[in-house]
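See structure below.
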Amino acid sequence: MKKTEYIAVKPSQIHLLEKTAFYYRTKEGAFNLYKESARRLDKERIEEEKFPDLYIAAKDKDAALAELSSNLNMALAAGIASKGLAEVKNALCRIVKEALTPHQVKMLDALPETVEILVEGYSKDPKSVEYLTRMAGNSSLIIEHTVNVMALILQYCFFHRLEENKIKQLLLCGLLHDVGTARIDKSILDAHRKLTDQEFKIYAGHAVLGHDLIITETDFDVSVATVALEHHERIDGSGYPHGTAKITADSRLIGIIDCYEPLTYRDKNFRKAKKPYDSLSLIKEEVKAGRFDKETFKNFTSCLIK
Ligand SMILES: [Fe+2]
Ligand SMILES: [Fe+2]
């Protein structure tokens, strides 16, 4: 069979595909059977990612998608039911990790489907969103940040009963707002100290890098790229990268959530992680100073304090 008759499988989906046969590619470019259908891969092997790049046959695509969707929902539902939040969080982390890995950027096309599965899974049990937002993390990794930002977006969307398409669009914005950091040196991203001016300048470049990446490499709505560009802009023009005061409603919302998340969820730059109320007070100061939009802040606060 030709190469086009096989589709690469994302690592995050491998544990969810039991009924689907997997193939691997030999050095000569042939596709050989790796796992028969109806056989699950070793749990350990999956966790340690001990497997080659795996493919499914194109003819199995529809069946595989159906299996994926039902298994992901079941995994989320089971995680929620047993309060095995680590499981749910790991699933989210894997999805985000893939989205932020540069060489897998071509796979971004599959993201709307993943987001769809997430929304479907969560809307069945709104409580799960609350659990998700309670998950605290100590890692300063951008992955953790993104997962937490997405959880907060979900909470906001369900509280304000936004319609499904809007939820999916905002989740994509949240998932990709920092995608530009995938192109920034890890030593700067993981520096547990105040960045030097020069380092900060490089870090600040993630907004433009992310915007350009989304525009050139995906077909997503332009609003997703706009949020990547504007989430560090402030409505008084004091933000970066361009000091633009006129920013979209999505950027205003995600800008606030983006700021709230690191304050609440982890210690950064020697600061102690704060309680939600204290974090909101800090952001309120920014609102008073005219940097964040008052109305957006009010709407965000109401979804947290119930
Ligand atoms: Fe950012
Ligand atoms: Fe961010």
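Here are the numbers:
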{"item": "Test result for Glu28, surrounded by fewer than 18 Cβ atoms within 10 Å (Cβ to Cβ), at pLDDT 80 or above and part of a loop (DSSP other than H, G, I, E, B)", "result": "yes"}
{"item": "Residues that are assigned to a loop (DSSP other than H, G, I, E, B), within 15 Å of ligand 1 (Cβ to nearest atom) and either touching a strand residue (DSSP E or B) at 6+ places or on another chain (Cβ under 9 Å) or in contact (Cβ under 8 Å) with a residue 60 or more places away in the chain (or both), drawn from region 153-195", "result": "His177, Asp178"}
{"item": "Residues located in region 217-232, provided they are within 13 Å of ligand 2 (Cβ to nearest atom) and of a type in the set (Gly, Ala, Ser)", "result": "Ala228"}
{"item": "Which numbered condition Tyr203 fails, given (1) at pLDDT 95 or above; (2) within 15 Å of ligand 2 (Cβ to nearest atom)", "result": "(1)"}
{"item": "Residue list for region 217-232, filter: outside any helix (DSSP H, G or I) and either within 13 Å of ligand 1 (Cβ to nearest atom) or free of Cβ contacts under 8 Å to residues at least 40 places away in the same chain (or both)", "result": "His231, His232"}
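Listed here are the residues, each with its yes/no results for (1) modelled with pLDDT under 95; (2) part of a helix (DSSP H, G or I); (3) within 14 Å of ligand 2 (Cβ to nearest atom).
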| site | (1), (2), (3) |
| --- | --- |
| Gly210 | yes, yes, yes |
| Ile215 | yes, yes, no |
| Arg234 | no, no, no |
| Ile247 | no, no, no |
| Ile254 | no, yes, yes |
| Leu282 | yes, yes, no |
| Phe292 | no, no, no |
| Cys303 | yes, yes, no |
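The values are calculated or read from the model by the stated rules, or taken from the named source; none is laboratory data. Keep in mind it's a predicted model, so treat the numbers as computed, not measured. In this analysis, Cβ positions are derived from the backbone assuming ideal geometry, glycine residues included, and neighbour counts consider all displayed protein chains.
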